[in-house]
Amino acid sequence: MAPPSIAPKPGRTLLALFAILVVLSGVAVWQGQTTPKLGLDLAGGTTVTLTAKTSSGKNPPAQQMDQAVKIMTQRVNGLGVSDAEVAKQGSNNIVVNVPGEGQGRVVSLIGTTAKLQFRQVFAVADGKPSAGTAPAPGASPSGDAKPGDDKSPSATPSTSAKPSGSASPTPRGKALSGALTEPTPSASASPSAAPSPTSPLVPPAGQPLPGQDPRAPPADYTGVTDRAVIQQFEALNCYTGDRRAPGSNDPKRQFVAACDQDEEGGQIAKYILGPVRVLGENVDGANPMPPNAQQGQASWSVSLDFDGKGGRQFGEITTDAYAAYQQDPNSPRAQVAIVLDGRVVSAPSIREGAITGGTATIDGPPDSFDQRYATDLANVLKYGALPLEFTQSSIDEVSSTLGSDQLTGGLIAGAIGLGLVVLYCMFYYRGLGLVAVASLIVAAGITYLSVVILGDGINFRLSLPHIIGLIVSIGITADSFIVYFERLRDELRAGRKLRPSVETAWKRARRTILVADAVTFLAALVLYFLAVGGVAGFAFAMGLTTLIDIVVVFFFTKPLVALLSRTKFYGRGHPLSGLDPRKLHRAAQKTSAATAGTSQEV
């Protein structure tokens, strides 16, 4: 004896669907966004022209421009489906179209060069210019000693009213020691030898520099062999301009002066940094990470993964910094500066040992290093640095007048198409057509809520190509209803009862529906990844509505038909129900007779 089949419970399925609708509505209200975001053609936006700069003043190579367009496009896609466009114009311009108002964040993110460098700190001070500076000593460093070498001479600047060497962490108080990774202490690194007190470039310990206030602590430029950088450091004012010191973004310079990126407690630090030890090109991946209270991390951070070369180099620089910390815990050389586009993002002290695991973490104060900043930073680092530097040549606001007119025409066309589908369903399927209309309404509701939620979640913006994709999906959804309805009517034409026919027809129709939707979804998926701009937007909308069609057919259309089959109007085959077995049987007989007559004539 065959085991009894589990009776379908359409009521529970419908309740589950409406529960999903309630949850989606709650999410939309919780996000504070109850209307879809609109794209550039519907809501206007910003058009920015970026001009490439080269050291020679000539046009950049076409290959570098193409690479810059590719990286900018990846950064846009990393922000979500925002319908932004990046295109090359001429030989040295890139035009970026960003939809919506207040898109300065996106524009600046796209044009950020994102040159990442890791350098060891040699001196740190407050970002104000030092007072009472005097000419640098006439002596110059001799030999080819490298920074960090035991025999490297140390240059001293003119004068300074403030100590350039730091006896404490940076003013921002950034820390990286525990957040980087599980540190591995290295016993092989030995601290650098202290400079000789008799060196002509370094005054005896405890004595001020020439021209310096005797009451001020002596400046410490141990290991800095570039007197021009010391003078630049003394005169640098990090409280004005964009805080980018000249040459601070040049990886070929052995020593650079650089400013802090953000201020903490009203203070901005400035640094003298040594040679580049790790480049951003050696970063394999970057991901934003939420705060971790267990590790004492109160802010968001960015987790970095280095390739093999970068991991070795990072281990070497942290080994040197840890050796300096072991010699003097207050030494600035115990810090490793993370420099992005010529400004110091973070300068943590390496206090727990060399880090050789091939990973690192960038963090900062919670008020500035929030989720958005961490996401943006991870996004620009993930796709690499731009091969060129760009300046904003022009910024223009784009009107949405033309798009609004096209939207009105598109909505009218969509309404006409939807009306024709409804009329056809009511004329051909009669009472059963009400099920199709109700299914379309439910599909429209789920689509609307999905667009609203995606607008806040992945910055999805509704544009004309998206609307075209949504209108086309009306036919896709209607096809699923027709497949099921025709299977059901075939069962009735064969003389079977309605209630068992509902399940039998569904078993035969659902495979056809799934195969048809799978083909459509695959086509949309391929089109989305191979196309760009409006075509990709059309593919995204079509793929979204295809998934919604499956949900509606499985969780609404079929359960509703099953419930209606238990009513008197549909169950007994009322002539206006569209499920009258006598009418369907007569139609089948006429079709069979016509087919037989045609066969006899042949």
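Report yes if Phe556 is buried (at least 22 other Cβ atoms within 10 Å of the Cβ), closer than 28 Å to Ala19 by Cβ and in the same structural domain as Leu434 (by TED's automatic domain parsing), otherwise no. Steps first, please.
Details: buried (at least 22 other Cβ atoms within 10 Å of the Cβ): yes; closer than 28 Å to Ala19 by Cβ: yes; in the same structural domain as Leu434 (by TED's automatic domain parsing): yes.
So Phe556 passes the test.
For the stretch 256-289, which residues satisfy the criterion of being under 24 Å from Pro365 (Cβ atoms) and under 24 Å from the mean Cα position of the chain (by Cα)?
Gln261, Asp262, Gly280, Val283, Ala286, Asn287, Pro288, Met289 - these are the residues of the stretch 256-289 that are under 24 Å from Pro365 (Cβ atoms) and under 24 Å from the mean Cα position of the chain (by Cα).
Taking the criterion of being assigned to a helix (DSSP H, G or I) and farther than 29 Å from Leu563 by Cβ, would at least one residue in the stretch 472-481 satisfy it? Walk me through it before giving the result.
Of the residues in the stretch 472-481, the ones assigned to a helix (DSSP H, G or I) are 472-481.
Checking the rest, the ones that are also farther than 29 Å from Leu563 by Cβ come to 472.
Checked against the condition, which is being assigned to a helix (DSSP H, G or I) and farther than 29 Å from Leu563 by Cβ, the stretch 472-481 yields at least one hit.
Identify all residues within the stretch 507-530 that are surrounded by 18 or more Cβ atoms within 10 Å (Cβ to Cβ) and modelled with pLDDT under 90; write none if there are none.
Selection gives Tyr528 alone.
Name the residue that is surrounded by the fewest Cβ atoms within 10 Å (Cβ to Cβ), counting only residues in the stretch 368-391 that are part of a loop (DSSP other than H, G, I, E, B) and of a type in the set (Phe, Trp, Tyr). Quick ask: steps written out before the conclusion?
Going residue by residue through the stretch 368-391, those that are part of a loop (DSSP other than H, G, I, E, B) are 368-370, 383-388.
Checking the rest, the ones that are also of a type in the set (Phe, Trp, Tyr) come to 369, 383.
Details: Phe369: 24, Tyr383: 18.
By that ranking, first place goes to Tyr383.
Just name the residue that is modelled with the lowest pLDDT out of those in the stretch 381-430 that are among the β-branched types (Val, Ile, Thr) and under 22 Å from Gln89 (Cβ atoms). Talk me through it step by step, then tell me what you get.
Step one: of the stretch 381-430, the residues among the β-branched types (Val, Ile, Thr) are 391, 395, 398, 401, 408, 412, 416, 421-422.
Still in the list and also under 22 Å from Gln89 (Cβ atoms): 391, 395, 398.
On the way: Thr391: 82, Ile395: 77, Val398: 69.
Among residues in the stretch 381-430 that are among the β-branched types (Val, Ile, Thr) and under 22 Å from Gln89 (Cβ atoms), the one modelled with the lowest pLDDT is Val398.
State all residues of the stretch 559-574 that are farther than 9 Å from Arg499 by Cα, touching a residue at least 24 places away in the same chain (Cβ under 8 Å) and in a helix (DSSP H, G or I); if no residue qualifies, say none. Can you show your working first?
So in the stretch 559-574, the residues farther than 9 Å from Arg499 by Cα come out as 559-561, 563-564, 567-570, 572-574.
If we keep only those that are touching a residue at least 24 places away in the same chain (Cβ under 8 Å) as well, we get 559-561, 563-564, 569-570, 573-574.
The answer is Pro559, Leu560, Val561, Leu563, Leu564, Phe569, Tyr570.
Does Phe460 count as of a type in the set (Phe, Trp, Tyr) and not in a helix (DSSP H, G or I)? Before the answer, list the steps.
Values: of a type in the set (Phe, Trp, Tyr): yes; not in a helix (DSSP H, G or I): yes.
Judged against the criteria, Phe460 is a match.
Picking from Gly469, Gly414, which residue would you name as being more than 25 Å from Val27 (Cβ to Cβ), in a helix (DSSP H, G or I) and either of a type in the set (Gly, Ala, Ser) or not assigned by TED's automatic domain parsing to the domain that holds Tyr570 (or both)? Before the answer, list the steps.
Details: Gly469 fails: more than 25 Å from Val27 (Cβ to Cβ).
Step by step, each of Gly469, Gly414 is checked, and only Gly414 is more than 25 Å from Val27 (Cβ to Cβ), in a helix (DSSP H, G or I) and either of a type in the set (Gly, Ala, Ser) or not assigned by TED's automatic domain parsing to the domain that holds Tyr570 (or both).
Out of Ser346, Ser248, report the one residue that is under 17 Å from Gln117 (Cα atoms) and at pLDDT below 85.
On inspection, the qualifying residue turns out to be Ser346.
Would you check if there is a residue in the stretch 502-511 being touching a residue at least 24 places away in the same chain (Cβ under 8 Å) and either closer than 30 Å to Val96 by Cα or hydroxyl-bearing (Ser, Thr, Tyr) (or both)?
First, pick out the residues of the stretch 502-511 that are touching a residue at least 24 places away in the same chain (Cβ under 8 Å): 502-503, 506, 509-510.
Within this subset, residues satisfying the condition of being either closer than 30 Å to Val96 by Cα or hydroxyl-bearing (Ser, Thr, Tyr) (or both) are none.
No, the stretch 502-511 contains no residue that is touching a residue at least 24 places away in the same chain (Cβ under 8 Å) and either closer than 30 Å to Val96 by Cα or hydroxyl-bearing (Ser, Thr, Tyr) (or both).
The values are calculated or read from the model by the stated rules, or taken from the named source; none is laboratory data. Predicted model, so just to flag it, every value in this text is computed and none were measured. Glycine also receives a Cβ, built like all others from the backbone with ideal geometry; neighbour counts cover every protein chain displayed.
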